[in-house]
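Remarks on the structure that follows.
The values are calculated or read from the model by the stated rules, or taken from the named source; none is laboratory data. Remember, it's a predicted structure, so these values are computed and weren't measured experimentally. Glycine also receives a Cβ, built like all others from the backbone with ideal geometry; neighbour counts cover every protein chain displayed.
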Amino acid sequence: MSSETREKLGDIATYIIAIVIAAFFLIPLLWLLSLSLRTRQEVYLGASRFIPKHPTIANFEQILSDPAFINYLWNGLKLSALGGIGCLIVAAPAAYAFSRFHFSSRNSLMMSILAFQMVSPLVILVPLYRYMATLGLLDGHFGVTMIYIAVSVPMAVWLLKSSIDGIPKSLEEAAQIDGCSRFGIFRRITLPLIGPGIASAFILIMILNWSQFLIPFLLLSSDSKLPISVAIFAFAGTSNASSTQVLAAACLVAVVPAIVAFLLLQRMIVGALTAGAVKG
Amino acid sequence: MAMSEAALARRNEGGSRSSIWRRLEENPFSWLLPVAILLGIFYLYPIFDVLRLAFTNASLRGGEEHYTFNSFVALIANPVLPDILWTTFIFTAGSVLGQQLFGLGIAVLVMRGERRRLYGMTALRTIVLIAWVIPGIANGLIWQMLFSEAPFGAMNSVLRMLHIAPVAWLSDPGIAMISAIISNVWRGTAFSMIVLYAALKVIDVTLYEAASVDGASGWQKFRYITLPQLRPAILVNSILITIATLNTFDAIISLTGGGPGRATEVLSLYTFNTVFRNLDLAGGSVLSLLMLLISLVLAVGYASFLPRREPNE
């Protein structure tokens with residue numbers, strides 16, 4: 001067998017395996033879509049109606065016309081965005097210091113910041129729950145946002161640091177000769193130059209915040225304050241076989257924003273992740 | 001020239017103040033201060049408090065607190081703990097192994113496809129990555145719909161069409177664990193794939209060319225070039241995904257809720273139940289310490305296998 005035929009056979013095998021893998025990853029989402037488009041009767045027909053005979057958008061109409069559901073979406077978006085902005089504000093100066101200053105404890109400090117990422121939010125929530133109760137911060141978005149910021153700040157520092165590493169120092173040095181202060185350089189030159197890096201870090205953190213469950217689940221109690229992730233869990237607890245299609249629609253609405261945000265910025269996000277991965 | 005004006009203005013403010021400002025600006029630690037304060041309040045202090053609470057009889061019900069070793073004694077005497085740890089071990093080992101092998105397989109496949117310029121490789125990578133952005137809670141709910149044991153559940157209705165007996169995906173203790181691992185692998189594989197893909201990309205192609213000249217087979221190249229070159233990436237990835245899996249909470253609570261019985265009640269879920277269902281703050285703090293200790297031991301353990309320093313650095 002010549003090497004070219006062998007490569008051709010390899011290509012066919014590659015395609016077959018690729019299709020199997022794609023099916024494994026897509027079918028759960030397609031099943032969700034399928035359920036969400038069915039009537040209650042068709043849900044009971046199982047996989048034979050994978051493609052519904054009488055597709056309907058009634059389930060989506062039902063949840064999206066519910067003001068409570070829109071409010072859950074809004075809360076999710078608000079907490080994710082505020083958490084993302086706050087996180088970047090705190091992380092950016094630290095990232096600048098790690099990139100532009102040379103000090104002996106730099107590497108060990110960077111590693112210890114990363115080590116915080118390994119602590120489960122559950123561990124810190126055990127005592128934080130009590131403090132927040134004392135401070136009256138339970139059941140408010142402020143406390144939740146602050147914890148979101150703390151949880152995502154280690155990753156943001158690393159992402160922004162690698163963005164700053166990627167821009168040449170010469171521009172900053174020119175500004176320094178002009179008499180611009182460090183902070184001025186950081187604000188007027190460094191930050192605008194890493195705009196794309198900031199944007200991808202922001203989107204990535206927003207996606208992670210959107211998925212946050214434990215923090216709002218523990219700290220928020222009134223229904224009007226819940227973000228979507230907690231709301232669909234609560235909804236799943238009260239739903240039964242006859243409302244599966246509505247739960248599927250709610251789930252789909254909860255996951256689509258994350259998927260869309262990811263697809264729009266896929267190149268930047270994958271770039272940021274792989275840059276971090278290569279450095280280990 | 002706004003910048004130089006600003007600089008001049010600052011100089012005119014008076015020597016002492018501007019020199020303090022200057023010194024602050026040139027000190028990296030003042031730049032690190034916001035992160036330090038934040039992590040101090042929300043991580044360091046809570047961790048020390050967990051340590052302190054573990055030696056008390058604290059409860060979320062309130063009441064007088066005093067220091068005691070009782071929670072540690074209770075933990076060691078707890079007949080449930082060995083089961084919880086075993087469950088956690090199986091779930092973590094299964095997930096990490098599955099994500100690592102599957103992630104490596106997909107990364108190698110995508111690399112081969114890209115080398116041969118096949119269509120659809122970016123699409124495949126994207127499809128795998130989509131699962132990764134699904135919120136954990138939705139992940140659990142989606143797989144619950146797939147594993148549903150009702151006659152119209154996805155898996156079981158397919159099995160019925162093929163005339164195969166239905167499987168108790170979520171109500172049989174052994175199978176429920178496998179189901180939980182499958183759902184976790186589905187969501188987590190993308191991360192391993194992207195880490196290993198990035199590591200594969202930077203392997204020097206001349207290594208493979210030299211091996212081809214020496215007549216090495218595809219498997220030999222994989223075994224003697226790819227795997228050794230990937231070793232640091234595999235180890236770092238192991239640290240990250242092991243700890244992520246240990247901390248998994250949302251995907252399990254929404255898939256099985258820890259059941260049937262305690263079959264899928266991993267340590268994080270057990271800790272949660274201890275504190276927030278049984279309101280036993282001290283007992284939960286001891287369990288939190290156990291979680292921290294396990295993460296730390298594993299991270300140090302994996303890290304000790306890392307090469308001391310990369311030769312190309």
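A few notes on this one:
- Among the residues making up the stretch B:130-144, those that are more than 16 Å from residue B:177 (Cα to Cα) and either at the interface with chain A (Cβ under 7 Å from one of its Cβ atoms) or of a type in the set (Asp, Glu) (or both) are B:130, B:131, B:133, B:134, B:135, B:136, B:137, B:138, B:142.
- Scanning the stretch A:241-252 for residues that are at the interface with another protein chain (Cβ under 10 Å from one of its Cβ atoms) and surrounded by fewer than 21 Cβ atoms within 10 Å (Cβ to Cβ) returns a single hit, A:241.
- Flag for residue A:70 being among the hydrophobic types (A, V, I, L, M, F, W, C) and away from chain B (no Cβ under 11 Å): yes
- Qualifying residue in the stretch A:183-202 (condition: at the interface with chain B (Cβ under 9 Å from one of its Cβ atoms), closer than 28 Å to residue A:145 by Cα, of a type in the set (Ser, Thr, Tyr) and within 17 Å of the chain's Cα centre (by Cα)): no
- Taken over the stretch B:119-129, the criterion of being out of contact with any helix residue (DSSP H, G or I) (no Cβ under 6 Å at 6 or more places or on another chain) and within 7 Å of another protein chain (Cβ to nearest Cβ) is satisfied by B:120, B:126.
- One residue alone among B:306, B:230 is modelled with pLDDT of 85 or more and either assigned by TED's automatic domain parsing to the domain that holds residue B:100 or over 21 Å from residue B:105 (Cβ atoms) (or both), and that residue is B:230.
- In the stretch B:229-243, the residues that are under 29 Å from residue B:172 (Cα atoms) and facing chain A (nearest Cβ under 9 Å): B:243
- Any hit, the stretch A:4-23, residues being under 23 Å from residue A:250 (Cα atoms) and surrounded by 15 or more Cβ atoms within 10 Å (Cβ to Cβ): no
- Taking the stretch A:132-148 as the range and being at pLDDT 85 or above and outside any helix (DSSP H, G or I) as the test, the residues that pass are A:138, A:139, A:140.
- Top-ranked residue in the stretch B:126-154 [being over 20 Å from the mean Cα position of the chain (by Cα) and of a type outside the set (A, V, I, L, M, F, W, C); ranked as farthest from residue A:25 (Cα to Cα)]: B:151
- The stretch B:47-87, residues that are assigned to a loop (DSSP other than H, G, I, E, B), more than 9 Å from chain A (Cβ to nearest Cβ) and aliphatic (A, V, I, L, M): B:80
- Only one entry in B:243, B:175, B:181, B:225 is out of contact with any Phe, Trp or Tyr (no Cβ under 8 Å at 6 or more places or on another chain) and either of a type outside the set (Asp, Glu) or over 30 Å from residue A:119 (Cβ atoms) (or both), namely B:243.
- Failed condition for residue B:107, given (1) modelled with pLDDT of 90 or more; (2) assigned to a loop (DSSP other than H, G, I, E, B); (3) among the small types (Gly, Ala, Ser): (2)
- Residue in the stretch A:1-27 that is nearest to residue B:154 (Cα to Cα), counting only those that are more than 7 Å from chain B (Cβ to nearest Cβ), among the aliphatic types (A, V, I, L, M) and part of a helix (DSSP H, G or I): A:27
- Candidate set from the stretch A:164-221 (those that are under 30 Å from residue A:128 (Cβ atoms) and of a type in the set (S, T, N, Q)); member that is surrounded by the fewest Cβ atoms within 10 Å (Cβ to Cβ): A:221
- Candidates A:133, A:156 - the one that is in the same structural domain as residue A:206 (by TED's automatic domain parsing) and closer than 23 Å to residue A:199 by Cα: A:156
- Single residue of A:192, A:154, A:196 found to be in a helix (DSSP H, G or I) and within 24 Å of residue A:111 (Cβ to Cβ): A:154
- Taking first residues from the stretch B:185-212 that are within 16 Å of residue B:237 (Cβ to Cβ) and partners that are outside any helix (DSSP H, G or I), the Cβ contacts under 8 Å between residues at least 6 apart in sequence or on separate chains come to B:187/B:134.
- Taken together, A:106, A:100, A:130 contain a single residue that is touching a residue at least 40 places away in the same chain (Cβ under 8 Å), among the basic types (Lys, Arg) and within 9 Å of another protein chain (Cβ to nearest Cβ), which is A:100.
- Checking each residue in the stretch A:28-46 for being of a type outside the set (Phe, Trp, Tyr) and at the interface with another protein chain (Cβ under 8 Å from one of its Cβ atoms) picks out A:28, A:29, A:32, A:35, A:43, A:45, A:46.
Every residue, every condition in (1) under 30 Å from residue B:205 (Cα atoms); (2) buried (at least 16 other Cβ atoms within 10 Å of the Cβ), yes or no:
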| site | (1), (2) |
| --- | --- |
| B:67 | no, no |
| B:82 | no, no |
| B:111 | yes, yes |
| B:114 | yes, no |
| B:148 | no, yes |
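- Of the helices (runs of 4 or more DSSP H) lying entirely inside the stretch B:207-289, those containing at least 3 residues that are surrounded by 15 or more Cβ atoms within 10 Å (Cβ to Cβ) span B:227-246, B:250-255, B:267-272.
- Residue match in the stretch B:28-46 (condition: in a helix (DSSP H, G or I), β-branched (Val, Ile, Thr) and more than 8 Å from chain A (Cβ to nearest Cβ)): yes
- The set of residues in the stretch B:260-279 that are farther than 22 Å from residue B:189 by Cβ and in contact with a Leu (Cβ under 8 Å, 6 or more places away or on another chain) comprises B:260, B:267, B:270, B:271, B:272, B:274, B:275, B:276, B:279.
- The conditions of being in contact with a Ser or Thr (Cβ under 6 Å, 6 or more places away or on another chain) and assigned by TED's automatic domain parsing to the domain that holds residue A:203 are met by residue A:82.
- Subset of the stretch A:217-240 that is small (Gly, Ala, Ser) and facing chain B (nearest Cβ under 8 Å) - its residue that is nearest to residue A:40 (Cα to Cα): A:236
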